[in-house]
Structure formats: C-alpha cells, structure tokens
C-alpha cells in the first residue's frame, strides 16, 4: 500500500491487512513522517521522538503499553504484529499516538494529515514547530489488486501484505502527473539464522533472522524530501562550498564511534555528506567517480546494489530505480556530497546531524555488516576463556598423615511419639547416629555407629550397626611409588567402580588399591583448531551453542583456537565465519565422549579383595539386616582401563567369587569410543567355570538438538552376577529426549522411552512412556504417561498410568505437587502429594505436606519446622492421618570439630564430618621470615577465598578464621582477600596456598602480611643543556640481596610507578639489557622505604648516551 503524509512525497511501504484492520511498519512509517524513532525488533520495543511537543515516545509490546508525551497509553496487543522486518502497528493506534488523521477509501487510497495541534519540528533546518506548512494537492493512491500481492509471513494466517504496483505522485512539471515505479520484491540479507538475538551496546540485534525484508523506500521523486519548504528546490551554487560551511564531526554508528574527523558541509539550509568517506567508514562498498558524476556498488551486501547517475537524475537501490533531486547533490573534485536526508532515504537509515555538538549519528533500519561485526567483537571481548582450570602457581603445602590427629564428630538424635487412640498406650522411639572422622595409625579414619537409644519395649542403649574404614588418598597418584595409586582403603568399603555385566566389585569389609580419579573429571582432553581466514573476515567459536571465543582477521590471514577443552558428554564445536559483506559459512566438529573414556596413553587400575559374607568389620553377619545365604564368598576383582587413541578406550575385567556354594570365575573386556556425534560402548564377559556368557552394547548421539540413546543386553539363562541373579535374559532400552514439537514455545520439550525385558520363555515385560516438561508463568510442570504390558505364562496384563507434577517458587515460598492416575484397565486417581516450604527468615524453614490415597480414601497431613543455628540444627514435626493417629517428632543434629590452634571444639549445625577445614591466621610479618613471632600482631576481620569463592568466615580478635565445609581429598586453593586488609600498604607475602585437605583434620595455615611502600618518578634523557622525558624504558627494582623484585615501564610522559615494594633499601635502575640495545646508560638510584610503609615520589632516573659528559641536571 502506498501512503502520503501531507506535503511529503509518496513512498511505497509494506502494509499488512487483517480483517478490516490495516497495519503499517513502524520504522518505515516514522522515517517517512520525519520522526526520530528507533525500533528494537529483537526486544519488541521502540523509543524516540515522534514529533510530540510534550516529550518522548516509548513502546513496550510485552507490557501492552506506550508512553506518549509522558502519558501511559495502554492498547490491545492484537493491534501490533511483530514480523521479521519491522513492527507493524494498526493505523488506529498510529493516529492516536501521533495526533494524525489517517483516511482510507474503498479502493485502499490513503491520506495522512496532522491535526492542528501537532506540527513536526526539524531542528537541523531550524524550522520552528509552529511554522505554517504550504498546502499541496492530495495525490491519488491506488492499492494493487489482491492477486498481485506478496505473502510476507506464513506464521500469521489471514494476513495479506499488499504493495502498490503504481505509486502516483504529483509532479511540478506537469501539475500533478504520475511517476510509475515497479513493484519491488523482498531482498535476502542472510543465508542462515544465528543463535544470538540479544542486543549489544551498539544498539542492534547482532545476529539477524533468516531473510529479513529490507526496509523499502522509493526515492527520487520530483517532490523535495521532507526537510522543510524553505529548502525545497534550492539549487546549490556551482561554485561549491565555502570554508565556513566545513564542519568536522564525530561520526557514530548507534553508540559506536567510527571517526572524529568526519568532514561534512553544512549550509544554513542543508547538511551534505561526503559519499566516498561515508561509504568507507560504514563499509558500504560504494565507489564514487567524480568525473563521471556517478557512484556504483552496494549497500553493505552485494545483493543490495546501488547506482547513482547524476547526469541522468536517477538512483537505483536494490534494483529499484527512481529519479533523484540533483539540486541536493554537490560534486567536487574529490567527492560527491549528498544532502543528509536524501541520502538517508536512499540507504534506508536515519542520519541525524547535530551541528551544535558537531556530531553525525547513523541508525540503519536494517543492521549493516559493520554493525554485526562490532557486535561480534563486543561479544567476543566478554568471553572469559574456555573454563579450563589454570594452575595459579600457589605454594604447595604438604599435609602428612599422623598417628592421631584431629577429630570431627556428627551426632544426630531422633525421637518420635505415636498415639493411635486415647485408650491405647503411647509409643515412643529414640535413635542415634554418630560419625567420627580423623587420622588414626597414619590413615584417615571413618567410623559410623547407629542404633536405638530407647523405645517402648526396650529402654536400653543398642548399637545395631557399626562400620569402620581407613584410607589414604592422593589425587596426584603418588601412593605406592611406581604403582601410582590414588586410593588405598581397608575396612568396610563402599561400592567402587562396578564391573559391567559382572556386577559389584566390592561388597563388605576388605581392601582396595585404585589409580582411578578420586572424583569424576569434567575435562577429557584439549583440541586446537587452526585454518585460513581471509582479509576482512572474522570467526566465532561456539560449544553447544555458547560462545567461547572470537578471532578477527590478521596479517597472516589465519585463525587459531588453542587448547579448546573437550568435556565428558556432548561437545558440538562450531566455527562461524563472517565476511566483510555479510557472508557467512559454518564448520562443525562433533565429539561425544563417554564418562568411562580416558586420554590416549593414560592407564588406570583397581584391585580389591572383600568378604561379603561378613556384615561389617565391627559386627558379624546380621540376618535381621540381610540374608547371608545370598552373599557371595570371598570376592576378588580387577579392573583396568587404557586410552588407546583419542577416540577409543579399552577396558578389561577379572573376578572370582563363590556364590551360593558355586564357584564363578569371570573374564570380561569392553571398548568405548566416539565417532563424530555418536558415542559407542560395548562389553562382553564370560564365566569360565559355568560356561556362560553375557554381552551388551550402547549407543548415544544427538541429532538436531534431540538426544538419542539405546542399549541392548543379552545374557545366558544361567548367568549369575556377583550380587546374585540379574533377573532378565534379554533387555532393550531406547530413549529420545529434548524433542521440541512446538518450536515457538522454547520452554516446552518432550521425551519418550521404550523398554523390553525378557525374563525367560514364559515371562516378558514391555513398557513405553512419553514425558513432557514445561515452564508456564514461572511454574515448572512435567507430565508422564507410561504403558506396561506383562506376559506371564500365557497371560497378558496391560496397564497404563500417568503422573503429573509441578514446582513453583516465589521468593520465600516453594510449592511442589504430584498426582498419579490410572488410565487402563480402569480409570481412577491413585494418589496426591502436596508439599510446601516457607522461609521465615533467621534460618527457620516451615514445611507442610499432605498425602491422599484415592483407592483407600486415606490421608495424612504433616507440619514441621527446622531451625538452622550456628551450633545445632533443631527440627520439630507433627503429623495426623485419617485413622485419627497423631505423631510428633524431635530431631537434633550437630557437629563438633577440634580447632587445632586453641585445642577447643567448634560446634556447627551442619553435618561436617565428611568435609575438611582450615584454621587460617593472618599476621604482620615484620621480619619477613613467614613465621608468626610473639611480638608480631595479628590482623582481625580478614576474609578468605576458597577455590575462588568467598568463604563466609572471617578472622576474630585472635587473627584466626575457621574455614569449614571444604571439599575433601581434592586440591583446594586458599587465598587471602586483599579488600579486607585494613591498610592499602598491606600485601600478602604469598599469592595463595594449595593443599589437599581431608576429613576430620583441620589444617593450620599461616598468612604472613608484609607492609609495603610505593615509589614513583620520572625517566629523563640528557640532551645538551636540556632534559626531556623518555617513554618505554624498563625500570627494575632490586632489593638488598640483589634480587629483582619488580619491573615497570615508563609512560608516554616518562612517568613510572612501583606499587607494593617491600620495606627497606631498594635500588632503582634502568634495565641493562635495554640500555645496551638503545646505546644509553643510567645511574642507579637508592631509596629506603620505612618500616611502616609510605609513598616516595619524584625519584628521577637520568639517561645519557654512552661516553657523554654528564651535565649538571640539578640546575636544569
């Protein structure tokens, strides 16, 4: 549809029609009307001045609200349609917001007039807002027939976009003739979509969506551009500009400065932009031929061609040719100068010339390739490396094991009361659980005890279970010398590294030696990518959709990303290459790494011997806890893993056990590898004593964001694992996750799984399920429906059930719920579970819950409160059910850890026996011996960082800070927080310390603090009788022992500054190596920093050429 604004020329714009409502593109409409509006399509916002006398205009689509001249104007969201190229607004809203009269007849002819109380203001031309505007004839505008219209968006139904095939504009020469322009077509500006649609500091959407429509403006009519009537039709004199017309400006592209030496010419009526320099700075690709008075090229991208023919009075943009007003173009010997507003209409951008501030601001309607590159540079500058741990070089602290050291004790006491009826007696029960950790016999010891304190039938103390484990752990693998063990353990061992198909490797008391990693590593290996990068190109590195790094083009025409981490799991590395003209191509690399893979050449092993027939090391077999007849006899197991190549890992297994009186000897092996995005695992095992075998294979991959996995296992009918019978003979599992059936709802995903299990020839089970995960209005909810089929001795039983759950958090409230229902064979509700947590403050949590069983029609309600104190955790609970049974409970938990410096016990309300602690002390090390002497003062209120995280503990009046809850048996980096030191001259003697803490043994760590000083001055050069400052000179600070303790570089004015120098005598000298290279020499200068620190300034270092007599610089 073509529109006209009063005395302004006709423009062809995209118009969207839905039912009886017409929508116009806001960005193009504001440019046509002379409004200064910026449309942020990515965030659904628009802001600026809309010719409003009362103030600014702001639009927020998500809030369905507009601010017009300081007044809030709500609107119906159906009256605004965001598309890929612009925000389309109903004409009724435009008329209301900007005080316009928009009329349309039955043929689609439209005229736009401003109401009397609104007049546009154009500060650049100096026209007052109240200046009368000449009336011009209203043109006749026809709408194209419906069969000639374009379809803009398939996503919006019943919305037809129409565009005039003929735009009728009054012509001065013929008194109102018709200039016909062809119907333009959309122009592709991108070949593929990108992942980032955020808005950068330069005010653009850095990554465009595929194939946005270029803002279309038909220019060059015989009518003047909408500057003001006083400047319309004024021919620039052939003599050119005067010196007074020259204006040196700052050119900015949104908020990004491009040049502070952009020369324009500003006459009293108009501003003229140099086309050559403008194209060069914005990288438009327009070549200017001043002799031929022509300009050719493209507007940023080759597809958007540009042709200016001044002798022919025509201009063509993206293939759309129209006449141009040559009176607003000046050709000089060096460039072609175009009036700013006419140039803006050609290039589909807003150009604002501020003469008072000598600034030119450019805001394109469609982001230019330069804007996109600037956004990529900003995003690349905000990356913080690859997330790989870098050793900071802290001092390594040794922590030897001892005969008896430290102790950390967890104690939990639970008491409950139950009453069934007023006539029945009350029942009570009291239980305890205790864990003790610390060093014993040069091993780290874990002892657990639990049992009854008293109950209704037996009031005596009873220890029902007790376990003891002694171990040594070294993450660096320095145990047992050349064996490189990382773990040595004896006693009651937990299940370590199970053997595929064979079963559990360790059961019950025994011994174990292992070189496997202490904790599951996240980093598998490093990879580097390198290649050719043409001039003007840049490349972005993404991993799993997240930006990792950025490289611009360089003089070597190459890029290199070094040591990219490959984590366990899916690694989808993508290189996105961006060209200077908006070109784009991608390269992808896929690595799907299983958790059991190892680096090439790395080998790990585990050997164990255990006795499952015994319940624990402290207590013999207890049939009340487990049937010993099902426990195997002595179990010997071996497992080793070797990384063969980067993509292949080999494992082997051995085991021997006596199960239910039958000997079994197992031999197995397995391979793990990946091929691009596919991860493959395969295992096979044999029981040589019973002549049986088992095998399994698993596959995992990801396709188009959907994760796929499958596993198949087949076992002989007489196969028995170390833990007993497996329970099936054949099993198939398939799963697909991350399925997005509705791409327009990113918070919704689906997954499905299938499982088939064959137990024997007469028993078979099958199940299939589908799950849905959503987030709606801040509520996370999931739904799962699963079908089960059981075939037992010729009888088939089919059932189907479903479960729905939700979770909602709002400040201190957290509510969860779950409901289960049956769909087949009968439809019924099964149960309902509701619970909620309320944070009351002061570490008090109130919890309530409700359970209901629909088939039995029974319910149970629960109310509890927990208080987390500094010394203990106290919990109280009450419950009542539909059988009139009530109950009450009391829970008390606390931890006691021995502080080694004071030999006192520190109490805590959390369970800390499994964690480590450090007793840190900060003091002023006056003699710099790194040891706390009696006369040296401690520093209170000092904070610390543990593994780069701020620990909540600070030092008390004795200078001691007890840092608890530190992860055990893995390296910990501990540093002093410089911001908490009371004086800027205080500096930690060491950057930090690295140690491996262990449970129950707090480590004493001293942090000596040195008092330092600051020295500054000037580096000068002697030139005859004159002295001038010298930049770029390396100055060294040397202590009394001749050790270089600091270096710095003189600035552009010769100034240098040393911070944090130790107290005492300091010698300042010029670097001898640099002085030799440049042929100068300088005398060393000695200063003394007092013991209480201080600042010494104006220390001058004088350079002079070799063999040159020294002048009296003091007088100079």
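The values are calculated or read from the model by the stated rules, or taken from the named source; none is laboratory data. Keep in mind that this is a model prediction, so the values were computed, not measured. With ideal geometry, Cβ positions are generated from the backbone for all residues, glycine too; neighbour counts draw on all protein chains shown.
Of all residues in segment 473-522, those satisfying the criterion of being over 18 Å from residue 617 (Cβ atoms) and not in a loop (DSSP other than H, G, I, E, B) are 473, 479, 481, 482, 483, 485, 499, 503, 514.
Yes/no per residue for (1) farther than 15 Å from residue 1014 by Cβ; (2) free of Cβ contacts under 8 Å to residues at least 24 places away in the same chain; (3) within 39 Å of the chain's Cα centre (by Cα):
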position	(1), (2), (3)
1053	yes, no, no
1060	no, no, yes
1086	yes, yes, no
1089	no, no, no
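Residue 43 meets the conditions (1) modelled with pLDDT of 75 or more; (2) in a loop (DSSP other than H, G, I, E, B) in every case but one. The failed one is (1).
How about segment 816-829: which of its residues are buried (at least 16 other Cβ atoms within 10 Å of the Cβ) and either touching a residue at least 24 places away in the same chain (Cβ under 8 Å) or farther than 15 Å from residue 784 by Cα (or both)? The one that is buried (at least 16 other Cβ atoms within 10 Å of the Cβ) and either touching a residue at least 24 places away in the same chain (Cβ under 8 Å) or farther than 15 Å from residue 784 by Cα (or both): 816. Of all the criteria given as (1) crowded, with 20+ Cβ neighbours inside 10 Å; (2) free of Cβ contacts under 8 Å to residues at least 40 places away in the same chain, the one not satisfied by residue 905 is (1). Residues being in a strand (DSSP E or B) and either surrounded by fewer than 18 Cβ atoms within 10 Å (Cβ to Cβ) or under 27 Å from the mean Cα position of the chain (by Cα) (or both): count how many of those fall in segment 966-994. Number of matching residues: 6. Yes or no: segment 723-744 includes at least one residue that is touching a helix residue (DSSP H, G or I) at 6+ places or on another chain (Cβ under 6 Å) and surrounded by 13 or more Cβ atoms within 10 Å (Cβ to Cβ). The answer is yes, given that some residue of segment 723-744 is touching a helix residue (DSSP H, G or I) at 6+ places or on another chain (Cβ under 6 Å) and surrounded by 13 or more Cβ atoms within 10 Å (Cβ to Cβ).
Residue by residue, here is whether (1) part of a strand (DSSP E or B); (2) modelled with pLDDT under 95; (3) touching a strand residue (DSSP E or B) at 6+ places or on another chain (Cβ under 6 Å); (4) on the phi > 0 side of the Ramachandran plot holds:
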| residue | (1), (2), (3), (4) |
| --- | --- |
| 629 | no, yes, no, no |
| 637 | yes, yes, yes, no |
| 689 | no, yes, yes, no |
| 718 | no, yes, yes, no |
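Take the conditions (1) touching a strand residue (DSSP E or B) at 6+ places or on another chain (Cβ under 9 Å); (2) surrounded by 13 or more Cβ atoms within 10 Å (Cβ to Cβ); (3) within 28 Å of residue 970 (Cβ to Cβ); residue 475 misses just one of them, which is (1).
Looking only at residues of segment 55-69 that are part of a loop (DSSP other than H, G, I, E, B) and closer than 24 Å to residue 363 by Cα, we find that the one that is modelled with the lowest pLDDT is 55. Scanning segment 1089-1115 for residues that are outside any strand (DSSP E or B) and surrounded by 12 or more Cβ atoms within 10 Å (Cβ to Cβ), we see that the one that is modelled with the lowest pLDDT is 1113.
If you take just the strands (runs of 3 or more DSSP E) that sit entirely in segment 310-361, which of them hold at least 3 residues that are closer than 18 Å to residue 298 by Cα? Output list reads 314-317, 320-323, 336-339. Quick one: residue 514 ticks every box in (1) under 34 Å from the mean Cα position of the chain (by Cα); (2) under 19 Å from residue 596 (Cα atoms); (3) surrounded by 20 or more Cβ atoms within 10 Å (Cβ to Cβ) bar one, so which box is it? Going through the list (1) under 34 Å from the mean Cα position of the chain (by Cα); (2) under 19 Å from residue 596 (Cα atoms); (3) surrounded by 20 or more Cβ atoms within 10 Å (Cβ to Cβ), residue 514 breaks only (1).
State whether the residues of segment 727-738 include one that is closer than 30 Å to residue 676 by Cβ, in contact with a strand residue (DSSP E or B) (Cβ under 8 Å, 6 or more places away or on another chain), assigned to a strand (DSSP E or B) and touching a residue at least 60 places away in the same chain (Cβ under 8 Å). No; the residues of segment 727-738 include none that is closer than 30 Å to residue 676 by Cβ, in contact with a strand residue (DSSP E or B) (Cβ under 8 Å, 6 or more places away or on another chain), assigned to a strand (DSSP E or B) and touching a residue at least 60 places away in the same chain (Cβ under 8 Å). When the test is whether a residue is outside any strand (DSSP E or B) and either under 13 Å from residue 1006 (Cα atoms) or modelled with pLDDT of 90 or more (or both), residue 936 passes it. The one condition from (1) surrounded by fewer than 16 Cβ atoms within 10 Å (Cβ to Cβ); (2) touching a helix residue (DSSP H, G or I) at 6+ places or on another chain (Cβ under 9 Å); (3) in a strand (DSSP E or B) that residue 950 does not meet is (2).
In the condition set (1) touching a helix residue (DSSP H, G or I) at 6+ places or on another chain (Cβ under 8 Å); (2) buried (at least 21 other Cβ atoms within 10 Å of the Cβ); (3) over 28 Å from residue 536 (Cα atoms), residue 275 is compliant with all but (3). Residue check: is residue 1067 at pLDDT 90 or above, over 47 Å from the mean Cα position of the chain (by Cα) and surrounded by 12 or more Cβ atoms within 10 Å (Cβ to Cβ)? So residue 1067 fits the description; yes.
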